[in-house]
Every structure is written in C-alpha cells, then in structure tokens.
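The values are calculated or read from the model by the stated rules, or taken from the named source; none is laboratory data. Keep in mind the model is a prediction, meaning the values are calculated, not measured. Cβ placement follows ideal geometry from the backbone for every residue including glycine, while neighbour counts extend to all protein chains displayed.
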2 protein chains.
Amino acid sequence: MELSEYLKHNESRIFDELFSLIVIPSVSAQSEHKADMLRCARRWQELLSQLGMDTSEVMPTDGNPVVFAEKRVGDGFPTILIYGHYDVMPVEPLELWHSNPFEPIVKDGKIWARGADDDKGQSFMHAKAIEYLLKEEILPCNVKFIVEGEEEIGSGSLETFCQTNKELLKADVILVSDTSMLSEDIPSITTGLRGLAYWQVEVTGPCSDLHSGIFGGAVANPINELCKLIASLTDDQHRITVPDFYDDVEEVSVEERDSMSQIPFDEEMYKASLKVQLLQGETGYSTLERTGIRPTFDVCGIWGGYSGEGAKTVLPSKAYAKLSCRLVPHQNHVKIGLLMKYHLESIAPKSITIDVKPIHGGDSYVCPIDIPWYKAAEAGYTKAFGKKPLPVRRGGSIPVIATFEKVLGVKTVLMGFGLESNAIHSPNENFPVDLFFKGITAIVEFYNQIRITNK
Amino acid sequence: MELSEYLKHNESRIFDELFSLIVIPSVSAQSEHKADMLRCARRWQELLSQLGMDTSEVMPTDGNPVVFAEKRVGDGFPTILIYGHYDVMPVEPLELWHSNPFEPIVKDGKIWARGADDDKGQSFMHAKAIEYLLKEEILPCNVKFIVEGEEEIGSGSLETFCQTNKELLKADVILVSDTSMLSEDIPSITTGLRGLAYWQVEVTGPCSDLHSGIFGGAVANPINELCKLIASLTDDQHRITVPDFYDDVEEVSVEERDSMSQIPFDEEMYKASLKVQLLQGETGYSTLERTGIRPTFDVCGIWGGYSGEGAKTVLPSKAYAKLSCRLVPHQNHVKIGLLMKYHLESIAPKSITIDVKPIHGGDSYVCPIDIPWYKAAEAGYTKAFGKKPLPVRRGGSIPVIATFEKVLGVKTVLMGFGLESNAIHSPNENFPVDLFFKGITAIVEFYNQIRITNK
C-alpha cells in the first residue's frame, strides 16, 4: 500500500494512539506528576510493542524511566537509534490556554495540547513510520527506540544510562525530531543546537518581611539588590558581563556567517508575529545569528515580596530568580555554571546574602552536512515538502544530543518538523495535522534512501 | 476605682472584646474580604455603643464604611477626635505564621495576631481609656471616634468623607495610636511621618511566552528589562535618579539633625535583630535620618515568568513590579507619582511596552512639640513609662494624617505604643500585653492633663 493511502486509512487510530500519550500529564519539572511519568513510559512501551518491535521495555534510571525498543533485520545492516522524550513542560499559566492542555483537540487543522509538538507529537511520527515500513516489510536497517522522561529538566539521568547501556544503544546514527523548521514553505534541518546553563538565585535581606516605612532606606531590599545584580549581567551592547564568559565561544567563520545571511528571514513578519515594535540583541549580529550562534542571558522567572491585589508596603526578606544562558559550541555548561555563580557571589553587596545554584545544563552540538545520514534526511524533506531543506543553526537546547556524541560517539540528525508558531513551552501548544503526516513521509523516505545506498 | 485596679478587674472582658475585632479578617487590599469590612465596622460600632457614647453609627463612604461615635460633655469644652482603622494588611505568606493570624492567642506576654498592634490593638486602647473615664465620670472633654477601613490601602475614601462631614468631625486635636516607640525603655512620640507613593508596573515583551532557546537573544525579555529599569532608579549613593525627585525635599536644619543624633540607637543590636551583616542607605545620612527625614525607593513586590519547581526555560511575555517611595515634608505624592511614571515611560526601551500606574499615596506630616496637646501626651507617657518620651521623626506613612490637616485644619498627636518587634505588616504580628495596658494608662493621663489645664 502507498504510504499516503496507509496514513489516510489509519488516521483516526493513529490520532487515538497519539492522544493516549498526550492525555497523561507527564510534566517532569513538577513532582506531583511523578506517577504520570511511569504511566506515560508504560503507554509508550505498549504502543511500540504493538507496532511490531522485537523487544520493548520500560527501564529504570536514577530518575524517570526510559522506554527502550528494538527491531533487528540482521547483522551487517546499519542501526538507527531513534530518540524522543515523553516528558513535557509545565502548562502554567493555565488561564491563557483556549482548551485543556491535556485534552487534545483537532481544530483549524491543528492538534492543540501540551506535547502535541514537543515531543510526543514529533517522536510519535517515527513510531508510525516504522509501523508502515514493518507492515510493508521494507525496513532496510535495524532500529532502536529510546524515549526518556527528563528532557525538559536536563536529561539528568540519561548520561549514566548511556554509559551503563553502551552496547544496547550502539548505533550508526541517532534520529531526533524535537526541533523546528524556518517555516512550512522553507523546510530546514537544524544542524546546530545551543547549550544551556540554568541557575536558581535566592537573595536574602533582613530575616523577616519588614515595614517599608519603618525600615525602608536603611536596610537593603533584596528585590532592589536582585534587580541591580541581574541588570549588571549584561551591558549596553547586550553582551554578558560575567568575566571569562566568552573565552571559549566558537568564532563562526565569515563564510558560515555569509551563508547564514542567505537564509530567508522576514524581520517585519517576525516582529509582527511577536507584536513587538523593535527587536533587541547583541550589537553586531543579525537576528538569526543572535538566536543561532551567539550565547544569551534570559531571566526565566523572578519573584519576591507582595504580588497580590492592591498596595502592600513591605520590605521583603527574600527575592528569587531563575536565570538561564544559551551556550554555543566549545562553551562548557559546568564551567559557565560556576563562572556565573562565583561572579554573582563576588559582586553581591555585603548588605544581603546570595545563594546561586546551577540546576540544569547541557552543551551545544553541531551536525556535519556531508555525512550520508544527513543526505538521507535531506532527501526525505525534499520528498515531503517538494524543496531541499536549508541547514540552519538553531537556538534551542537538547542537552542529551551532546551527551550522545560524548558517551556513545554517534552523530545525531535532527529531523525536526515543528514551527515557531507551534508555541512549544507556551500556552496553546499545537501541531499542524498536515505537518504530522509530511513528517512521517520524510522519515519513511529517509529509510528508502538507506535501502538504495545499501544495495 | 484606680485605673490599674479597673483594668485588672476587667482584663478578660477587654481581651474578649478586642479579639472579637481581630477574628474578623478585614484585609482591605483583598476584595474577597469585602464583606468582612462591614462586619468589622459593625462590631466596632457595637463596642463603642456599649462603652457609653451618646451616638455611634456605621457611615457609608465611596469605599469601606467609617465608624463614627460621639460623647459630648458640654459646650465650651475642648473636643478630641480619636482616629483609628479597622482594616489590616494581607497575611501572606501564611506558612511563616506560628499561629493562625485571625485566631488571636496570648503567649509569652504578647497578643499574636494580624491587627494585634496595627491598628485594632492600638486603637482599642482609646476605647477602653474612654470607658474608664466615663465609668468614673471624669471625662473632661468632648470625644469623637472615627474608625476607618481603608488605611492600609491609602484611605482613598476618607478625604471626601472628611470634606462632606467637616462639621461632624470638628475637633481641637486628633489623637492617633498607630505608630511605634524606639523601645519600651526609650518611650518616644512620633512627630513626623513620611509620605508614600506606590506604583504598579507592567512590562510587556512579546505577545506570548516564548521558548528562550528559539527566541532568546533576539527578543527583549521583559524581566531583564524590568530589572534594568528598576536598577537604574537608584545610583551608587543610593539616591533616587528620577529627575526632579528631590526638588521639594525638606532640608532638615543642622540643629534638628544634631538633636536626632542624640537619640540612643544601637546599630549592632539593630543589625542583629534583622540578621544583616551591613546596613545600607543614602550616603551621608545616619540610619535614623535614612528612615526619618529622607525619601526612599523600595520594590515591594516583583513577579514574572516561571517560579515553580525546577528549570522551565521560558522567555516570558510579561513582568510586573510594585514600587514604592517614602516621601518627606513638602514632597507631594501626586507629583512624585507622575514624575516616576513619566521617567519610567521615557527611559523604557522601544523593544518593550511599559504601563506605570500610581495606585496609592499620601503626603508627609510634622507635629510641633510646643502645642498643649503634645505636652499632655508627653505627660501621659511620662506617667506610664516613668520617663519623658523623645520626639522622633519616623519613617512610616499614615496618609490620612496629612489629609486631616489639609481638610479639617487640625493637628494630630501620634500617641503610638508599638514596637519594631511587633512585626506589623509581617508574619507573626504581636503586641505586648503590658504595653497595651501602659498605653491605656498614658491615654487616661492625657485626659487628666486636659482636666488640669481647663481648670
């Protein structure tokens, strides 16, 4: 049966299966969802087992379990390791969602739900591509699946899991769908990912909340001081001021920057879609460079004092922030984590105390575009979208990709099919239905290319 | 009957009555407590009626009702207007309280509850002083009570109420117990109050929360920008940078600063009680000057982005802060409110939008120490504490005191009996039982002085 016919014929079952994953609120960052992590892993294992893998199992780690499955076609065939994650980001603020994030609906040609794209929707395309190849008996290689449950919190347990299971995970290449394209009209493959360092900061002033009239002016206010510390971390050029921060940053060649400048990019549309009047970033770099090849500093959260209705006059005892930096090739997240910690501790005034904890991180990754696996992926996109995809460096982080390279010694091809409008990590995450099926088409074609190459 | 005997004899009833006010959670800043405001006003009216006032009533305003009561002894006698407020501050964070804030308990010689001091405890001392003077038939003047329900949110309705009811509120002096003393060993009377300006700030970046990896570096982050704006509002000398902010600030004379420097103040004990290593404030001024005669800038609250468990990577759409300035004589809170608003709007980068709303304010107040009402209060403290009280300028704000002077043309004497350790506006607010009774003693003696003066 032709793939398009197969997908049409099985569409409602495929959605039912995908939705059975999405309805499980597997939010790894929130401990109240601990039990949902195992439920989601088990459901993945069932679905992989049903599509005809030789083995499938839920394997324990130090944290959330990993789902592993394998289909062997024989020795002497290449082995593809498919990686995905079943955990999702928190859904707050809930009031901004138009529908329940864990009750997927199809509306206006899109699936709306937390995980519709990142990464339940995207990783499930691989399961359905393999299902088709197995049904048609045209799978040209060995296939392994690894689906983890801690990607959104830094894949903390996966490095040990990879080290312990090197043989099990042995492969020639890793395929991951967890990135996005420039647009549906401009298909692209992510060839670079930024790294990440993430800190939680606690600033303590007086030992209890004080009356700001009685003490204000004489006692350091932890919110004022936290704002001053944060403000000092970037300069007028939007460069990060932490000493030695840029020491290891990859200097991208003039040629590569030239080629980046050829990527179609409509700044006016970009601004309009975000409803901002002006873009802002590091002086001397374009928007695509700022999000692709340069490190950044973003405060992901801040809180302290009174945030209720009305005007409470208080000089609070505590203020908190969650800080993050995106990192680029050669920057090590552990080193950067400590640089920031020591810098903040050294500049904090004696009138307060500060506690800076690196709580999350990963290194960056670059995929060469001249390896056969990349070429096969390129052919897949060309078949599905009618255009050769552009290789682009993107700003997001999938810390485990760098870990795979380090521990397993294997390159990853990032066959992502998301769009920026899919609102991953935001309210109203969604995934266009036609992209879901085009993605499966591209993945099936990836395997067709392997069959041709192997003949 | 001697006062001390009377108080001993009636102690448990007096506490029962006070606690019947405290158990009503009359938090004016939180709209869910709207019904509690009226309940609390009615309970005050009952208690005033029971102690033998000629009239007592709950009077409507544009906001929360005002309790008014009057006892006339005759024409030709002076009239004292007693002001208090029945509203209290929010109690959050609740988890820091050792007992329920609205279930008063007496423990270790203190009453523990929200409002135990500010201002249910302090204002109720006046009711009990008048009760005694009426029972003993020695009240030497006309007395009026006005107890309002919006003090903690800026007494927004009271100015109109005063203007509408000028005749009703006519008095020779106003007595207020809503301030604190230097310590129980160093009784003091507040002769100056700072004013207040309070703003809510909303900074908007992109129209929705974004993935900080995909957009970070190219799109302004509203938390980063809010921190920069806040940090820029004070300089290295801890002076406020808003243009023209200091234009109207009263220059306190060398003589008054000299006399302030005579006030006993143990900086080491002050630091130890707050558990801070270093005090911090405007260069060139002492701690008492910083909290008494100089304006300040404090962030009372800040929030934005993700504040939950773990590491959510988000470039948020919004960030918020509650800003406040304490003001000093001659600074007008409306003018300062607009200066800050225009300044923030003018310095905000075009990459974000900012909305700055002045939401609360009041002007400062100074009480002369050579008027007979101050002298009578001084004699009251001397009798109760065995020492002449020091006149001191304090940092808190009671906006309505400036309004009384402006609208009614009457000076206020601030007979406050609080302590800094009473934790008003904070978790575990408390009021020492012995201070409660010493306060009643001082107030009764105030009236004794009036009787002597009038003879």
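Taking each residue of segment B:388-401 that is among the basic types (K, R) and looking for partners that are at pLDDT below 85 with beta-carbon atoms closer than 8 Å, six or more apart or interchain, yields B:R393/B:M260. Scanning segment B:396-440 for residues that are surrounded by fewer than 21 Cβ atoms within 10 Å (Cβ to Cβ) and of a type in the set (S, T, N, Q) yields a count of 3. Mind checking whether some residue in segment A:49-59 is farther than 28 Å from A:G154 by Cβ, in contact with a strand residue (DSSP E or B) (Cβ under 8 Å, 6 or more places away or on another chain), modelled with pLDDT of 95 or more and part of a helix (DSSP H, G or I)? Yes.
Residues that are surrounded by 14 or more Cβ atoms within 10 Å (Cβ to Cβ) and free of Cβ contacts under 8 Å to residues at least 60 places away in the same chain within segment A:57-81 comprise A:E57, A:V58, listed in sequence order. Only one entry in A:G380, A:G362 is more than 14 Å from chain B (Cβ to nearest Cβ), of a type outside the set (D, E, K, R) and touching a residue at least 24 places away in the same chain (Cβ under 8 Å), namely A:G380. The residues of segment B:191-231 that are β-branched (V, I, T) and facing chain A (nearest Cβ under 8 Å), listed by number, are B:I214, B:V219, B:I223, B:I230.
Every listed requirement among (1) within 12 Å of chain A (Cβ to nearest Cβ); (2) touching a strand residue (DSSP E or B) at 6+ places or on another chain (Cβ under 6 Å); (3) touching a residue at least 24 places away in the same chain (Cβ under 8 Å) is met by B:I369 save one, (1).
The set of residues in segment A:202-228 that are touching a residue at least 40 places away in the same chain (Cβ under 8 Å), under 33 Å from the mean Cα position of the chain (by Cα) and more than 19 Å from B:P93 (Cβ to Cβ) contains only A:E225.
Considering only segment A:28-44, state which residues are exposed (fewer than 14 other Cβ atoms within 10 Å of the Cβ) and either at the interface with chain B (Cβ under 10 Å from one of its Cβ atoms) or not in a helix (DSSP H, G or I) (or both). A:S31, A:E32 - these are the residues of segment A:28-44 that are exposed (fewer than 14 other Cβ atoms within 10 Å of the Cβ) and either at the interface with chain B (Cβ under 10 Å from one of its Cβ atoms) or not in a helix (DSSP H, G or I) (or both). Evaluate segment B:310-318: report whether one residue or more is modelled with pLDDT under 95, within 30 Å of B:G217 (Cβ to Cβ) and touching a helix residue (DSSP H, G or I) at 6+ places or on another chain (Cβ under 7 Å). Yes, some residue in segment B:310-318 is modelled with pLDDT under 95, within 30 Å of B:G217 (Cβ to Cβ) and touching a helix residue (DSSP H, G or I) at 6+ places or on another chain (Cβ under 7 Å).
Residue count for segment A:302-336, restricted to those that are facing chain B (nearest Cβ under 7 Å) and closer than 19 Å to A:R239 by Cβ: 2.
Residues that are over 30 Å from A:A319 (Cβ atoms) and surrounded by 15 or more Cβ atoms within 10 Å (Cβ to Cβ) do not occur anywhere in segment A:217-232. Within segment A:412-441, being in a strand (DSSP E or B), closer than 26 Å to A:L94 by Cβ and within 14 Å of the chain's Cα centre (by Cα) holds for one residue alone: A:G418. Among the conditions (1) touching a Pro at 6+ places or on another chain (Cβ under 8 Å); (2) at pLDDT 95 or above; (3) not assigned by TED's automatic domain parsing to the domain that holds B:K388, B:S208 misses just one, which is (2). At least 1 residues being surrounded by 22 or more Cβ atoms within 10 Å (Cβ to Cβ) and at pLDDT 95 or above is the threshold, and among the strands (runs of 3 or more DSSP E) wholly inside segment A:88-158 those reaching it are A:110-112, A:142-148. With respect to B:P391, is the statement that it is away from chain A (no Cβ under 14 Å), modelled with pLDDT under 90 and closer than 16 Å to B:L175 by Cα true? Judged against the criteria, B:P391 is a match. Please identify the pairs in which a residue from segment B:264-285 that is under 20 Å from B:L182 (Cβ atoms) has its Cβ atom under 6 Å from the Cβ atom of a residue that is among the small types (G, A, S), counting only partners at least 6 apart or on another chain. Within 6 Å, the pairs are B:L279/A:A218; B:G281/A:G217; B:G281/A:A218.
Taken residue by residue, segment B:1-19 has no member that is out of contact with any Gly (no Cβ under 9 Å at 6 or more places or on another chain), within 14 Å of another protein chain (Cβ to nearest Cβ) and either charged (D, E, K, R) or in a loop (DSSP other than H, G, I, E, B) (or both). Screening A:M269 with (1) more than 8 Å from chain B (Cβ to nearest Cβ); (2) under 26 Å from B:S232 (Cα atoms) gives one miss only, at (2). Report yes if B:S183 is within 14 Å of chain A (Cβ to nearest Cβ), assigned to a loop (DSSP other than H, G, I, E, B), under 29 Å from B:Y342 (Cα atoms) and in contact (Cβ under 8 Å) with a residue 24 or more places away in the chain, otherwise no. For B:S183, the condition - within 14 Å of chain A (Cβ to nearest Cβ), assigned to a loop (DSSP other than H, G, I, E, B), under 29 Å from B:Y342 (Cα atoms) and in contact (Cβ under 8 Å) with a residue 24 or more places away in the chain - is not met. The set of residues in segment A:274-296 being among the hydrophobic types (A, V, I, L, M, F, W, C) and at pLDDT 95 or above consists of A:L274, A:V276, A:L278, A:L279.
Matching residues to (1) hydrophobic (A, V, I, L, M, F, W, C); (2) over 18 Å from A:L169 (Cβ atoms):
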residue	(1), (2)
A:N64	no, no
A:K71	no, no
A:D75	no, no
A:I80	yes, no
A:G84	no, no
A:W97	yes, yes
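Within the option set B:L339, B:L288, B:L344, being more than 7 Å from chain A (Cβ to nearest Cβ), more than 30 Å from B:V410 (Cα to Cα) and surrounded by 19 or more Cβ atoms within 10 Å (Cβ to Cβ) holds for one residue only, B:L344. The set of residues from segment B:238-257 being touching a Pro at 6+ places or on another chain (Cβ under 7 Å), closer than 22 Å to B:V392 by Cα and at pLDDT 95 or above comprises just one member, B:V249.
Conditions tested, residue by residue: (1) under 23 Å from the mean Cα position of the chain (by Cα); (2) within 23 Å of B:A423 (Cα to Cα).
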position: B:L96; (1), (2): yes, yes
position: B:V106; (1), (2): no, yes
position: B:I111; (1), (2): yes, yes
position: B:G121; (1), (2): yes, yes
position: B:H126; (1), (2): yes, yes
position: B:E137; (1), (2): no, no
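Looking across A:W373, A:W303, one residue alone is under 27 Å from B:S307 (Cβ atoms) and among the aromatic types (F, W, Y). It is A:W303. Across segment A:45-56, the qualifying residues are those that are without any contact (Cβ under 8 Å) to a residue 40 or more places away in the chain and surrounded by fewer than 19 Cβ atoms within 10 Å (Cβ to Cβ), and the one among them that is farthest from A:R72 (Cα to Cα) is A:E46.
Only one of the listed residues (B:L175, B:L168, B:L139) is in contact with a helix residue (DSSP H, G or I) (Cβ under 6 Å, 6 or more places away or on another chain) and more than 14 Å from every other protein chain (Cβ to nearest Cβ). That residue is B:L139.
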